[in-house]
Each structure stands twice: as structure tokens, then as C-alpha cells.
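Structure first, commentary second.
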Amino acid sequence: RLQESREKLSVCSKLCYAVGGAPYQITGCALGFFLQIYLLDVAQVDAFYASIILFVGRVWDAITDPMVGFFISKTSWTRFGRLMPWIMFSTPFAIISYFLIWFVPDISKGQVMWYLVFYCAFQTLVTCFHVPYSALTMFISREQSERDSATAYRMTVEVLGTVLGTAIQGQIVGKVDTPCIGSPFFFGLPNSSVAMEELNTTHDAASLTDTRNAYMIAAGVIGGLYILCALILLLGVRERRESSELQSDEPVSFFQGLKLVMNHGPYIRLIAGFLFTSLAFMLLEGNFALFCTYTLGFRNEFQNILLAIMLSATLTIPFWQWFLTHFGKKTAVYVGISSAIPFLIMVVVLDSNLFVTYVVAVAAGISVAAAFLLPWSMLPDVIDDFKLQHPSSHGHEAIFFSFYVFFTKFTAGVSLGISTLSLDFAGYQTRGCSQPGQVNFTLKMLVSAVPVGLILLSLLLFKLYPIDEEKRKKNKKALQDLREESNSSSESDNTELASIM
């Protein structure tokens, strides 16, 4: 009991730890929801090149996760810990690169390279923040209940971060009307020259400048929050070396550890299940702004609809934490993620109606909350199961977390690049007030039919995941017994050494 009491985390520590998850979600949400429409309609990048920027940026983001995981595993412990220095030194450079993503350079050539370089730079630097932060879960306490509780705090703050990202980016940008070109210009009607003349008026040029300034203001506000959250994390959380290691552990090389991790069945099955879930929500996130603007016709409301989704998700995180505690994590996966299916179908089947869209947004947010909470709540269970099977191997937490993120990001990059490219093939018109029928049909597929299919596939894969509630409790008790045995053995050795002395 005394040992468990020492492992208890204060509410303040949990809150400081949770706040550290906000920067990744705030910036990720702003980029996920708005970067595509920003590149197409504000920076006026051709849809083909925009797809390349989004694809390469996401894939590079995925590649950097195992790279950073490798370097973290080689990092020596310092007075601040092994993970905290990564968070400390990456923060200022990440903020600079993030701001430059939302800046439109006054250059005739090289604009695509500008966005590609700074998008990739930011993804690298935010990975240097988020991978060690994710692995920090295993270093704040040895008690699984405390880690689960801290994860619930973290998920609540992270979903709140998505609300902030959506609200800051959406409300600041939404105050400005982005000029568009009327459909006659697109379809080659006789008055297309009139549309072109209207486009070149001083008013439209000023409006576009205002829109670009609004994006930079939003980037500055988000950058300030990034710094604040990083400071709270660094000052309020202590990284405990002993929380993750057994005293009898011997270090194993990175590639040996990688081989062990990739041969661990529960880890592969968990990755496979959430891989398709992440793909579904990534497609929805990346194309929802365009879907609301063009298919539903809510050009001036889409930022409020996004905000409704994220507010709903934030408010229902505590419910899902209660649900998984009482009914188990696998049951929560089935109920939580599948609940999005009817609403994704409804939003494209019913006629465009603002009230119905808000109802669907609130209902979809409930499922988004489950998709946020469950992967990070289940991964520590897999790591504990791994430790029981490999008790002499330690220090692989960063590998688990980094490759877990790698697979989801890589496939999300592929899907987002393909979805933007498919819009180009469908005839997407940059800065159009409306889009051809093929584009609207493509957007419906990208936010409804394809995500529903991916969610159904993920639910089938979760049937193969072996760690149910009974297995999780057995692992917890076995791991606790192993630690007690290790500590008892160490104390016996110390007593014997003292008597000899």
C-alpha cells in the first residue's frame, strides 16, 4: 500500500502532463482541417501540386517518427530526463516553421517548394516533441491505473486542443470573406470574361490579402499557445526513470528491440485496427471543410460546424473513460467507433439542411472522442503484455509509440494525397464559388462511403485483438508480482552485501 501511495500522481501533475498534449492537437487540427483549402483557395496552388505537398508532408511526418524513436532510444539520461530535452529544444524551431507554413511568399516560382520545405520541417520538429511526450506516459508512474487516469486527462485536454485549433483558426479566418470566381468562368459561358474582370478588381485583391493576413494572425496565436503548453509540461512534470524499468533489466539494441516489438502479436493487431480507423477520420478531417463549403453550400458556416464536432468530442471524453472502465476497452471500441456510421451516411443522403448538419456534427463528435481516447489508452496494455513476455528487455517504449504513429501517419498521407489528387481529376476549380457535379460526388465519397467502409474493416480486425478486460487484469497482477520479486531480490542482495561489509 505504501508503494502504491508513492506511485499516486497528484491532480496537478496529471493536468500539467495533459496540457503537453495540446500543441500537437492544436496545430494538427488547424493543418488537418484548413491546410488543403488554404493551399487551393488562398495560396492558389494547383490541386495537383497541393496533393504532392500534402502527400509528401504526411509521409515525411510518418518517416520521422521511427527516426526520432531511434535517436531517443540512444539518448542518455540527463538531469532533466531522457525525453524532456527533446521537447525543450524542438519547441522554438517548430513555432517558426509553423508560422511560415501560413505565409504566402511573394515569389513567382518556388512557391510549391516553400510549402513543402516548411511543412516537412514543422512535421519533423513537432515529432521531436510528440514522440517523447507520448512515451512519457510510461515514465510518470508504474501504476497502470495512474497511467490510465493520466491518459484520460491527456485525451480530454487534447480534444480541447482540437477545439481550440478549430476555434482559433476557424473563427479568425471565418471573419474574412475569401473572394471566389463565379461558375460561368468555369464552364466557358459567354460572360466568363466578366467573371475574370471581377476577379481582378481591387476589392477582390484586398479581400484575398485580408484572408492571408487572417491565416497568419491565427498562426501567431496558435504559436503562443504552443509555447505556453510546452512550458507547463516542462515545469510541472517529473520524468521518473524507475517508473518503467525493472531493476533486473538489461538493455537491448534498437534493432533487436524493433524486431521484438514487430513480432509482438497484440501490438500488430492493435495497429491494424486503429490504422483503418485513423484513415477514416483523417479522410473526414481533410475533406470536411471542402464538403461543407461546396457540397452542402455552407461556405460561411463550416468553421462553426467543425467547432460543434470538437466541442461534442471534448464533452464526451469523460463518458468514454467511464464506459471503458466499467465495460472494457474492446467493448468501448465497438460501441464508440461504430456509432459514427449512421451519421456519416445521413449527412450525404439527406438534403442539405443546416440544422440537420449540426445534429450530425454533434453526434459524430461522440465517436471522434472514442477514436481519440481508446488508441492511447490501449497501447500501455500492449506494452505491459510485452514486458511480461520479455522481462529482460527494456527501453522500447519510444519504439512502440513511434511506430504506432508511423503506420497511421503514413497511410493517412497516402489517403490524403490520393483524395486531393482525385479532386483534381474530378475537375476541382481553384477559388470557385461552386464546383462541378463530379467534384461534389467525389467529396461525398471521401467523407461518407470510404470512411464507413474503413470503419467496418477496422471493427473486423479488432475481433483479433487478444487483450480483453480479463487478460488485462491478469497482466497487471503478473507484472506487479514480477516487480515485487525484482525489488525483493534487490533488497536481499543489498542486505547480504551490508552484512559482509
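The values are calculated or read from the model by the stated rules, or taken from the named source; none is laboratory data. Keep in mind the model is a prediction, meaning the values are calculated, not measured. All Cβ positions, glycine included, derive from the backbone under ideal geometry; neighbour counts span all protein chains shown. All accessible areas refer to the heavy atoms of the entire protein, side chains included, with ligands and DNA or RNA removed. Shrake-Rupley method; radii C 1.70, N 1.55, O 1.52, S 1.80 Å.
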### Query
Taking H264 and the conditions (1) within 18 Å of V360 (Cα to Cα); (2) more than 19 Å from the chain's Cα centre (by Cα); (3) in contact (Cβ under 8 Å) with a residue 40 or more places away in the chain, which numbered condition does it fall short on, given that it satisfies the others?
(1)
### Summary
Filtering region 313-339 down to residues that are closer than 16 Å to A280 by Cβ and among the aromatic types (F, W, Y) yields Y334
### Query
Can you pull out the residues in region 92-123 that are within 20 Å of E158 (Cα to Cα) and open to solvent by 10 Å² or more (accessible area, probe 1.4 Å)?
I95, Q123
### Summary
Residue set Y153, Y133; condition at pLDDT below 90, open to solvent by 30 Å² or more (accessible area, probe 1.4 Å), within 20 Å of the chain's Cα centre (by Cα) and within 30 Å of A370 (Cβ to Cβ); output residue Y153
### Query
Among the residues of region 183-206, is any modelled with pLDDT of 65 or more, open to solvent by less than 50 Å² (accessible area, probe 1.4 Å) and not aromatic (F, W, Y)?
no
### Task
Please verify whether region 7-27 includes one or more residues that are under 24 Å from T411 (Cβ atoms), more than 20 Å from the chain's Cα centre (by Cα) and assigned to a helix (DSSP H, G or I).
no
### Query
Has region 409-430 got at least one residue that is assigned to a loop (DSSP other than H, G, I, E, B), of a type outside the set (K, R) and free of Cβ contacts under 8 Å to residues at least 24 places away in the same chain?
yes
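Only one residue in I383, I366, I455 is within 22 Å of the chain's Cα centre (by Cα), β-branched (V, I, T) and open to solvent by 40 Å² or more (accessible area, probe 1.4 Å), so which one is that? Walk me through it before giving the result.
On the way: I383 fails: open to solvent by 40 Å² or more (accessible area, probe 1.4 Å); I455 fails: open to solvent by 40 Å² or more (accessible area, probe 1.4 Å).
On inspection, the qualifying residue turns out to be I366.
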### Message
So, E146, is that one surrounded by fewer than 23 Cβ atoms within 10 Å (Cβ to Cβ) and in contact (Cβ under 8 Å) with a residue 60 or more places away in the chain or not?
### Response
yes
